[in-house]
Amino acid sequence: RWRTPPRWRTPPRWRTPPRDQREAAMVWSCDSCTLENADDRRSCEACEAARPLPPWSCASCTFENRGLDEECEVCHTAKPAPTWTCAACTLQNGDALTACDACGAARPGASPPPANSTVEYDVVVPDGVPVGGVFEALVGDLSIPVTVPSNLMPGRR
């Protein structure tokens with residue numbers, strides 16, 4: 001008697017989630033009136049309350065806090081200051097910076113400085129370079145010529 005070969009089960013294919021699940025991911029709930037609003041709205045359609053800030057995780061105890069909380073509800077650790085990650089070197093930079101503090105790469109989404117703008121860096125002048133002299137300074141990945149200013153303060157060399 002011949003047996004039929006077993007049917008091998010194929011792994012399930014990725015399926016598109018049902019429409020109601022896809023739409024659920026594109027809404028946010030108002031803290032004031034609980035209305036679910038479209039993801040692109042900045043305020044509630046019903047009561048006009050501002051969209052809540054995203055939650056943040058405490059670095060000390062990992063508790064997920066509400067966006068408005070300035071300290072952790074569990075361990076009272078202060079909410080960390082907002083930062084952004086440099087795409088070039090991965091440094092966490094302060095929210096006020098428009099360029100990376102380490103490598104000088106522009107913050108994603110930040111408008112570039114005007115072409116004739118001035119950028120200031122603290123540079124250590126090597127010993128032996130006279131006032132008015134030029135030396136190469138490494139700023140991020142760039143080597144730029146620097147002229148020693150005549151108004152250089154004593155002790156700032």
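The values are calculated or read from the model by the stated rules, or taken from the named source; none is laboratory data. Bear in mind the structure is a predicted one, so any value in this text is a computation, not a measurement. Please note: Cβ atoms are built from the backbone with ideal geometry, for glycine as well, and neighbour counts cover all protein chains shown. To get the accessible areas, we keep the full protein, side chains included, count just its heavy atoms, and leave off ligands, DNA and RNA. Shrake-Rupley method; radii C 1.70, N 1.55, O 1.52, S 1.80 Å.
Overview of results
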item	result
Inter-probe distance in nm under a simple model that places probes 7 Å from Cα toward Cβ, at THR90 and VAL148	3.9 nm
Order of exposure, largest accessible area first, which applies to ASP39, ASP69 with probe 1.4 Å	ASP39, ASP69
J(HN,Hα) series, region 126-138, from Karplus relation 6.51 cos²θ - 1.76 cosθ + 1.60, nearest Hz, glycine and proline x	x, 4, x, 8, x, 4, x, x, 10, 9, 8, 10, 8
Amide hydrogen neighbours beyond the local backbone of ARG107, cut-off 5 Å, H modeled	ALA99, CYS100
In range of the label at CYS61: residues from region 74-108 whose backbone nitrogen is under 14 Å from the point 7 Å along Cα→Cβ	74-79
For LYS79, residues with placed amide H under 5 Å, excluding near neighbours	GLU71, CYS72
Computed FRET value (nearest 0.05) for ALA38 with ALA102, which takes r as the C-beta separation and R₀ as 41 Å	0.60
Whole-Hz ³J(HN,Hα) from phi, Karplus 6.51 cos²θ - 1.76 cosθ + 1.60, for region 89-99, glycine and proline x	10, 6, 5, 7, 9, x, 4, 6, 7, 9, 9
